[in-house]
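The values are calculated or read from the model by the stated rules, or taken from the named source; none is laboratory data. Since we're looking at a predicted model, the values are computed, not measured. Cβ: placed from backbone, ideal geometry, glycine included. Neighbour counts: every protein chain shown. Ligands, DNA and RNA are excluded from the accessible area calculation, which covers all protein heavy atoms including side chains. Shrake-Rupley method; radii C 1.70, N 1.55, O 1.52, S 1.80 Å.
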Amino acid sequence: MPKGWDGGIAPDPIPTLRLPITYDPAGCRLLRDPLRDREAPTTSVRGQYVLRGDSPSDDKDATEVIASWSSPQLPLLRSITDALPLCRTYSGSLDGSSFKLFARQLPVRGLRDGIALRFGDPDDPKLKSGTYSAYVVRGGTVLALRADSDTFPTDAAFAQFVTTAVARLDAAVG
């Protein structure tokens with residue numbers, strides 16, 4: 001992470017949601033949580049990073065998961081890409097509360113074997129809030145990044161974060 005961030009390896013490599021969440025259409029789950037309900041990876045590490053603000057309410061956070069399997073993971077990326085046209089706008093429920101979101105792909109210059117996504121409320125025309133996710137595959141390894149728009153206030157800022165994380169992944173898996 002760039003200067004100013006702290007945190008590191010989280011105790012649970014791939015956290016699972018304790019509450020049931022549903023999506024309509026059901027395939028849209030792949031956009032938000034593609035690693036859930038998959039076979040356990042051979043190795044996995046989750047980093048939780050925080051950029052401290054003037055008060056705890058000003059803190060920014062980003063999550064990074066790196067998981068590896070013995071088999072190639074490009075089919076997972078293809079599944080996410082195939083689901084995107086069907087999930088431009090989708091709905092769901094979590095713990096009795098319903099939600100509606102849009103999903104769109106973000107351009108990230110030079111990104112190969114990966115996808116970056118922006119999610120938000122379709123009734124918020126100025127896109128003031130939302131979340132970002134990115135998934136990058138290198139052989140049997142998947143890099144998953146997640147942050148909200150308070151952490152990265154512009155699409156370009158999240159794209160730069162993805163570019164930095166992918167460069168470090170490529171250096172590590174070489």
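Below is a table of values for the structure above.
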{"quantity": "Residue tally, condition assigned to a strand (DSSP E or B), crowded, with 20+ Cβ neighbours inside 10 Å and touching a residue at least 40 places away in the same chain (Cβ under 8 Å), over the range 96-113", "calculated": "1"}
{"quantity": "Any hit, the range 152-172, residues being at negative phi and touching a Ser or Thr at 6+ places or on another chain (Cβ under 6 Å)", "calculated": "no"}
{"quantity": "Residue within the range 124-140 that is over 23 Å from Q48 (Cα atoms), at pLDDT 90 or above and surrounded by 13 or more Cβ atoms within 10 Å (Cβ to Cβ) present", "calculated": "yes"}
{"quantity": "Pair list, Cβ < 8 Å and 6+ apart or interchain, from the range 23-48 residues that are among the aromatic types (F, W, Y) to residues that are outside any loop (DSSP other than H, G, I, E, B) and open to solvent by less than 50 Å² (accessible area, probe 1.4 Å)", "calculated": "Y23/R32; Y23/Y90; Y23/S91; Y23/G92"}
{"quantity": "Residue, farthest from R138 (Cα to Cα), within the range 73-95, restricted to residues that are open to solvent by 20 Å² or more (accessible area, probe 1.4 Å) and hydrophobic (A, V, I, L, M, F, W, C)", "calculated": "L94"}
{"quantity": "Residue check for A62: touching a helix residue (DSSP H, G or I) at 6+ places or on another chain (Cβ under 9 Å) and either modelled with pLDDT under 90 or assigned to a loop (DSSP other than H, G, I, E, B) (or both)", "calculated": "yes"}
